[in-house]
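Below is one structure, written out as structure tokens; the observations come after it.
The values are calculated or read from the model by the stated rules, or taken from the named source; none is laboratory data. None of the values given here were measured: they were computed from a predicted structure. Please note: Cβ atoms are built from the backbone with ideal geometry, for glycine as well, and neighbour counts cover all protein chains shown.
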Amino acid sequence: MKKLVLLQLVFVGMTAFWSCDNTQPKRAQTIVSGKVKVITDETLLPVMEEQVAVFEHLYDRTEVDMTSAQENQIINKLLNGEVEVAVLTRQLTARENEFFKKRKFTPRVYRFAIDAVAVVVNKQVSDSVITLDHLVKIMRGEETGAALNRLVFDNPNSSTVRFLKEIAGVDSLPPSGVYALKSNLDVLKYVYETPQSVGVVGVSWIVRPDNETKKYVEGIKVLAIKGRDGEPAGSGYYKPSQSNLADSLYALARPVYIINAEPRKSLGMGFAAHLTGESGQRVILKAGLLPDSIPPRELIIRE
């Protein structure tokens, strides 16, 4: 927490310095100017596109070249040095950190949100709830005896697949009952066209859909999930709302991190400060995720 506060203070100080100094080149590489490549988990693409738009608007000497990919691809690009800044739904493993230790460098990691993995079905489906045990049985290839027994993911190498595999305690997908497409948009389209399927997507794809996605989102609904017995999420059926995320009542919640592997203080640090600062946290709030720190609200009370 102290490191995070210090990062934001440095960011504010550098911003003030830049505004008073017009002699530097437009593309000088600082934490508030220049260009940076950022790669984000595809399940977070809608909210991260908004973050980039807001950041570049606030700091017009910046350019964020953002792309999206599946989790495995992101890790490979990070370790190969193709990109230095990544947004993931997990921290680096001990083995991945060892790679950087050999280079005598430790990436800076900051959590800035809590994401929800949403489970969606076609609006024609009568069911409105599902249990985590049901999802686990499908992931294990066990017969559920229910109509909703076909899970559709965005990609076999995605973070959502890895997340559900960890919950189910399996190393691979079963030969039947679980299918992987190419993207979250493909999942939404598939569920829209295939009533008997159950889609797994990042919640920001549903909360703030673009024009291409909106048609499919209007034809689906989000299921409420009951977690494991003995846990807060197991006390009832809960949807991926921000209040349920804050109260740890949604079973498929996961943290979101920005990993900055820049060996120097550059624009990646400024972008991380934006994500963890008030402006970035407000974007998170509007996108349906839970901000890591809730932005304050000022109320004017009139007599």
| query | Could you list, in sequence order, the residues of segment 183-209 that are at pLDDT below 95 and basic (Lys, Arg)? | reply | Arg208
| field | Filtered residue count, segment 248-275, keeping only those that are more than 16 Å from the chain's Cα centre (by Cα), among the small types (Gly, Ala, Ser) and farther than 30 Å from Gly230 by Cβ | value | 5
| task | May I ask you to verify whether Arg228 is farther than 26 Å from Thr40 by Cα, modelled with pLDDT of 95 or more and either assigned by TED's automatic domain parsing to the domain that holds Thr89 or not in a helix (DSSP H, G or I) (or both)? | result | yes
| remark: Sole miss for Glu98 among (1) part of a loop (DSSP other than H, G, I, E, B); (2) of a type in the set (D, E, K, R); (3) more than 20 Å from the chain's Cα centre (by Cα) is condition (1)
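This table checks each residue for (1) modelled with pLDDT under 95; (2) under 14 Å from the mean Cα position of the chain (by Cα); (3) farther than 30 Å from Thr194 by Cα; (4) assigned by TED's automatic domain parsing to the domain that holds Arg208.
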{"position": "Ala28", "(1), (2), (3), (4)": "yes, no, yes, no"}
{"position": "Gly34", "(1), (2), (3), (4)": "no, no, yes, no"}
{"position": "Glu42", "(1), (2), (3), (4)": "no, yes, no, no"}
{"position": "Tyr59", "(1), (2), (3), (4)": "no, no, yes, no"}
{"position": "Asp65", "(1), (2), (3), (4)": "no, no, yes, no"}
{"position": "Ala69", "(1), (2), (3), (4)": "no, yes, no, no"}
{"position": "Asn76", "(1), (2), (3), (4)": "no, no, yes, no"}
{"position": "Lys104", "(1), (2), (3), (4)": "yes, no, yes, no"}
| task | Report the residue count in segment 42-95 for those that are closer than 21 Å to Leu285 by Cα, in a helix (DSSP H, G or I) and among the aliphatic types (A, V, I, L, M). | result | 8
| field | Out of Val200, Val191, Val217, sole residue that is touching a Phe, Trp or Tyr at 6+ places or on another chain (Cβ under 6 Å) and surrounded by 19 or more Cβ atoms within 10 Å (Cβ to Cβ) | value | Val200
| request: Could you check, for segment 245-262, whether at least one of its residues is free of Cβ contacts under 8 Å to residues at least 60 places away in the same chain, assigned by TED's automatic domain parsing to the domain that holds Asn72 and over 24 Å from Lys77 (Cα atoms)? | output: no
| Looking at Glu262, Glu212, Glu303, Glu298, which is the one that is assigned to a helix (DSSP H, G or I) and at pLDDT below 95? | Glu212
| Could you list, in sequence order, the residues of segment 265-295 that are among the small types (Gly, Ala, Ser), under 15 Å from Pro107 (Cβ atoms) and either modelled with pLDDT under 95 or surrounded by fewer than 24 Cβ atoms within 10 Å (Cβ to Cβ) (or both)? | Ser266
| message | Tell me the residue from Gly236, Gly230, Gly199 that is in contact with a helix residue (DSSP H, G or I) (Cβ under 8 Å, 6 or more places away or on another chain) and of a type outside the set (Asp, Glu), please. | response | Gly199
| Can you find a residue in segment 216-225 that is part of a loop (DSSP other than H, G, I, E, B), over 20 Å from the mean Cα position of the chain (by Cα) and at pLDDT below 95? | no
| query | In segment 239-249, how many are touching a Gly at 6+ places or on another chain (Cβ under 8 Å) and within 25 Å of Ala86 (Cβ to Cβ)? | reply | 2
| note | Pairing a residue in segment 120-133 that is within 12 Å of Lys239 (Cα to Cα) with any residue that is at pLDDT below 95, where Cβ atoms lie under 7 Å and the two sit 6 or more apart in sequence or on different chains, gives Ile130/Leu148
| Ile206: surrounded by 15 or more Cβ atoms within 10 Å (Cβ to Cβ), in a helix (DSSP H, G or I), among the β-branched types (Val, Ile, Thr) and outside the structural domain of Met48 (by TED's automatic domain parsing), yes or no? | yes
| said: Return the residues of segment 183-200 that are closer than 24 Å to Gly288 by Cβ and either touching a Ser or Thr at 6+ places or on another chain (Cβ under 7 Å) or part of a loop (DSSP other than H, G, I, E, B) (or both); say none if nothing qualifies. | reply: Ser183, Asn184, Leu185, Leu188, Tyr190, Val191, Ser197, Val200
